[in-house]
1. What is the residue count in region B:28-38 for residues that are buried (at least 22 other Cβ atoms within 10 Å of the Cβ) and out of contact with any strand residue (DSSP E or B) (no Cβ under 7 Å at 6 or more places or on another chain)?
2. Report whether or not residue C:63 is closer than 14 Å to residue A:25 by Cβ, in contact with a strand residue (DSSP E or B) (Cβ under 8 Å, 6 or more places away or on another chain) and surrounded by 15 or more Cβ atoms within 10 Å (Cβ to Cβ).
3. What number of residues within region A:46-58 are surrounded by fewer than 21 Cβ atoms within 10 Å (Cβ to Cβ) and either more than 10 Å from chain B (Cβ to nearest Cβ) or under 16 Å from the mean Cα position of the chain (by Cα) (or both)?
4. Right, residue C:31: part of a strand (DSSP E or B), surrounded by fewer than 17 Cβ atoms within 10 Å (Cβ to Cβ) and touching a strand residue (DSSP E or B) at 6+ places or on another chain (Cβ under 6 Å) or not?
5. Right, residue A:110: within 12 Å of chain B (Cβ to nearest Cβ) and not in a helix (DSSP H, G or I) or not?
6. Can you go through B:65, B:53, B:70, B:48 and tell me which one is within 11 Å of chain A (Cβ to nearest Cβ) and free of Cβ contacts under 8 Å to residues at least 24 places away in the same chain?
7. When residues of region B:192-212 are filtered for being within 29 Å of the chain's Cα centre (by Cα) and farther than 14 Å from residue A:44 by Cβ, how many remain?
8. Which one is nearest to residue A:170 (Cα to Cα) among residues in region A:91-104 that are within 10 Å of another protein chain (Cβ to nearest Cβ) and buried (at least 24 other Cβ atoms within 10 Å of the Cβ)?
């Protein structure tokens, strides 16, 4: 028998701390697969900020540093500049990256720091119980927009790939979705490209992963995937926003 | 190497580099801009790295990142900027990470003034951030002392795996004095067991640095840090006891205030007044022993002189003196500097019983 | 014969594999794991084409697939 799929070894041999059907788990799993395919499990440093992403601290089996809310790009700047041969990446949610950490992500991207940012976007604050994020859709309900997000008072969904792609320094900026197997494969290839670019000394790479939050969206896992296809992905178009040869 | 003339901020920057600093991140704020400016030129010369962060918050977190891989990292700022860094400093302590923080303080509260003041004593010694952690606080009063303390600051930080603070005011940061610089420090070549990164690529258990803990782990950390602070009080106190042997009047002052007070005390001694000074060099741990060994049958009064109003060190003095002698205070603040005449007059008032 | 194996200690019963299996040989709701989740039973091992849809979408990496001789 030829083993076609085996679970990566650089995550713990146990369930993740995420809710059933949460694509944070899947994002972590495919990132772990890429780390192993590139044989970087003994050479990487993961910077985890605050949010559901923090649960990675209990799940990964690689060198990790837990940072303050939104500050992972600043922490990763210090890590990578002082450990230039390590594969350094952050894994941040949308509240963390697009709200409190906006200055840090844009500034790190603008400096062209040679590390990778993985950005998991589920258009809500998960860990704190479902509040509005900068990425929350117009009309989407959250615990702080109980009648649905009203753009007149709370603005519109913020698109990070599009913002970052306007900067000169970033080398690879792309958005993928994890809602079906075909897109999972594309996302994995995107993460791999970003890591390879970094390892070649290329510069700043940014991969956004559209994910779900069944618990705080109030949907079953399967219904949350349908919601992604019908609602979130049209607002956050998938694709490669910047790809500079290095 | 002979003595050279250097500006306070630059002398501290050079001493940090000689003491092993290889990473600096900071954000412009007066009156300490000469420090990052110096670092931006100097660090690349020694294979280090300088980053001008997008904010104080980002800068302290860059230092946090650099510290995780074992690089001697520092930041500097001035009062409101240090307040912005306070969360990151708490994270450093919580994650057991060494780092050097320099506060070239100015008048406060709020935006305050860019002129010098000593208004950050309470912040530095009691609550540099949330969560009740403590740190060693050095308060030099001359540039040579600033150089010597900075040079060794990383050794304390790494011994304790805890940030260390150097607190000077804008005046000391801006003056020029002759300093003798020490030689470049030899750095440890072996990676410590806690440091992240795997330069040799060996197979080993993954390492994690974070300030989030399960309840029992956090309580253990807090106990350990508490015991560490007690040990500082036993081993690491630095103080200058100036003309205390027969003193009837004891001035307590640190940093720039101690410089001014020393002039006044020297003058009064020439007139036969039995006056001396306790000058804390470590503000935390506070030099309690210097107060405990005084002969309270002889001491008539204490005069707490600080370049801030109201005095902030007074509570620490009172805890040691108790009611055994009155404590008077004199200070200027808001960027108004202490001067010789004002300090002398304030001391003379106490001598004459008019205070 | 190809083999699809669901690890009940990892599965949380989200049902993604059931949904995306082109041969519809995974079924939820029959067996409960030690953690309390219903996890998919393989109803027709012989029909498995080892396409890896299930393993690719499984958030937990709970599904291993092997290709037969």
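The values are calculated or read from the model by the stated rules, or taken from the named source; none is laboratory data. Everything quoted here is computed from the prediction, not taken from an experiment. We place every Cβ from the backbone using ideal geometry, glycine too, and count neighbours over all the protein chains shown.
1. Adding up the residues that qualify gives 1.
2. Judged against the criteria, residue C:63 is a match.
3. 3
4. Yes.
5. no
6. The unique qualifying residue is B:65.
7. 8
8. Checked region A:91-104; the qualifying residue nearest to residue A:170 (Cα to Cα) is A:104.
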